[in-house]
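Here's the structure, in structure tokens; my notes come after.
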Amino acid sequence: MPLRLYNTLTRTKEDFLPLDPSNVRMYVCGPTVYDFAHIGNARPVIVFDVLFRLLRQIYGASHVTYVRNITDVDDKINARARAEGMSIRDLTEQTARQFHADIAALGVLPPTVEPRATEHIAEMIAIIERLIAAGHAYAADGHVLFDVPSMPDYGQLSRRSLDEMLAGARVDVAPYKRGEMDFVLWKPSDAETPGWESPWGRGRPGWHIECSAMSWKHLGEEFDIHGGGIDLVFPHHENEIAQTRCAFGHNIMARVWMHNGFLQVEGQKMSKSLGNFLTIHQLLADWPGDVLRFNMLRTHYRQPIDWTVKGLEESWRILHGFFNNAGVVHALDGQIAAAVRDALLDDLNTPRAMAELHALDRPGAQNALGETLKALGFSGNLATPGADGGVDETTVAALVEARLAARKGKNWAESDRIRDELATMGVVIKDNKDGTTSWEVKR
Ligand code: AMP
Ligand code: ZN
């Protein structure tokens, strides 16, 4: 069965054919490091980690190059450093360290290369010079702009009308711009702002050029897969395509463009003002990383995901059941069981893959279950990190409730299974005469 992936560029699911099967190349836009990563940011990180693992199984671990960058030059970083009274370097280093710790707890493998934007200024300048020489960019007032009308097929990825593009890009009107849609490749820096010497004076890059430079350096002029969240389709990815294609003269930058849907929290857009802004760091204080990962993958990556406590509790319960039965596996790159792998080959159908895990949860399949869970990035460490004794009250309450529901439905097998599951957590339950259930921790 071939790998099939949905390509945003063609709006269809296609057979995946790498340019070079001995070096399959994928780029994913990484975080801008100025604050804790939130659980929405974790989505592309987890989704493309699953794809990375799958590609390694298909083509061999040494035949896949995965690049996920760190954006460490950005005006949001400058503003935050100023507000905190920190140096930019300290802020970006500290944030990147936190990001690494967070996503490691989510079972995410390090990418093959993790380039930083500030280490690729020379490549950015080189691409900008090529664009100017080819008539696709112009310098004005210390800025360099990409000349959008110079590219007749600009807009193929997002397929928006000019009006929609103007609204989506929130374009600034600026005297140095020739066309409204033209976007910044390079801009001047004042003495307080980080800057690098360039043919256009001391300045700093625009955001889009960073990814064109880092993907070129580490993957070449053309590569196989480019990923990120759906919000990046326009303008970020559209502009990456424009820069890279016009600088190197190819018809494509990446063959397949993949985008994960957005995550919301308890039915609402996540935002600081609504008080529902969840950082990975906070969530890890209450939930095992495995549970966060599993919960993310129970929804297909292209669908929106509603992140809820109820969903997390369910995920915790399912995963706990699996690990109760799974064989202990030490191999890092074990095999994904065939049925699970087939589900993943179908455009990373992780909900179907998770359902196939249930089919492996039976006598005789314990080792296959354990090996598959491990190959999918689950550690099996389900101790609740926050509570001292390792018992999380919310989780226990949810299990007790689920058991009561099972008993009401006369599903005695399920009720016993949950009682046993609680027992493995050291929780002993007692059914009282008045119909209530109480519980205590026995160690
Ligand atoms: P940013 O640091 O905002 O550039 O985002 C880093 C990555 O996280 C990008 O791929 C975004 O598309 C993705 N992302 C940001 N917010 C969400 C969200 N709420 N749900 C899913 N992905 C998101
Ligand atoms: Zn990017």
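The values are calculated or read from the model by the stated rules, or taken from the named source; none is laboratory data. These numbers come from a predicted model, not from an experiment. Heads up, the Cβs are rebuilt from the backbone with ideal geometry, glycines too, and the neighbour counts pull from every protein chain shown. The accessibility values were calculated without ligands, DNA or RNA, using every heavy atom of the protein model including side chains. Shrake-Rupley method; radii C 1.70, N 1.55, O 1.52, S 1.80 Å.
Kindly indicate which of Leu91, Leu3 is in contact with a helix residue (DSSP H, G or I) (Cβ under 7 Å, 6 or more places away or on another chain) and away from ligand 1 (no atom under 16 Å from the Cβ).
Sole residue among the options that is in contact with a helix residue (DSSP H, G or I) (Cβ under 7 Å, 6 or more places away or on another chain) and away from ligand 1 (no atom under 16 Å from the Cβ): Leu3.
Here are the criteria: (1) out of contact with any Ser or Thr (no Cβ under 8 Å at 6 or more places or on another chain); (2) more than 16 Å from ligand 2 (Cβ to nearest atom); (3) β-branched (Val, Ile, Thr). Tell me which single one Val28 does not satisfy.
For Val28, the exception is condition (2).
Go through Glu123, Glu129 for me and flag whichever is within 16 Å of ligand 2 (Cβ to nearest atom), of a type in the set (Asp, Glu) and not in a loop (DSSP other than H, G, I, E, B).
Glu123
Looking at Thr8 and the list (1) out of contact with any helix residue (DSSP H, G or I) (no Cβ under 7 Å at 6 or more places or on another chain); (2) among the β-branched types (Val, Ile, Thr); (3) under 17 Å from Phe223 (Cβ atoms), which single condition is not satisfied?
All conditions are met except number (1).
Could you identify the single residue in Leu17, Leu91 that is modelled with pLDDT of 95 or more, away from ligand 2 (no atom under 16 Å from the Cβ) and over 26 Å from Leu344 (Cα atoms)?
Just a single option satisfies the conditions, and that option is Leu91.
Please determine whether any residue of region 17-28 is among the acidic types (Asp, Glu) and either open to solvent by less than 10 Å² (accessible area, probe 1.4 Å) or over 14 Å from Phe223 (Cβ atoms) (or both).
No: zero hits.
Within the group Leu232, Leu166, which residue is open to solvent by 20 Å² or more (accessible area, probe 1.4 Å) and within 11 Å of ligand 2 (Cβ to nearest atom)?
Residue meeting the stated conditions: Leu232.
Taking the conditions exactly as written (under 30 Å from the mean Cα position of the chain (by Cα) and open to solvent by less than 70 Å² (accessible area, probe 1.4 Å)), does Glu210 satisfy them or not?
When the stated conditions are applied, Glu210 passes them.
From the residues in region 401-437 that are under 21 Å from Lys310 (Cα atoms) and assigned to a strand (DSSP E or B), which one is most open to solvent (accessible area, probe 1.4 Å)?
Among those residues, the one meeting the criterion is Thr437.
What is the number of the single condition among (1) open to solvent by 40 Å² or more (accessible area, probe 1.4 Å); (2) in a loop (DSSP other than H, G, I, E, B) that Pro149 does not meet?
Answer for Pro149: the failing condition is (2).
Got at least one residue in region 45-67 being part of a loop (DSSP other than H, G, I, E, B) and within 25 Å of Gly195 (Cα to Cα)?
no
Return the residues of region 269-304 that are assigned to a loop (DSSP other than H, G, I, E, B), of a type in the set (D, E, K, R) and either open to solvent by less than 30 Å² (accessible area, probe 1.4 Å) or away from ligand 1 (no atom under 12 Å from the Cβ) (or both); say none if nothing qualifies.
Listed by number, the residues that qualify are Lys272, Arg298.
List, please: which pairs have Cβ atoms under 8 Å, are six or more places apart or on different chains, and start with a residue in region 19-41 that is of a type in the set (Lys, Arg) and end with one that is assigned to a loop (DSSP other than H, G, I, E, B)?
Arg25/Pro18; Arg25/Leu19; Arg25/Gly220
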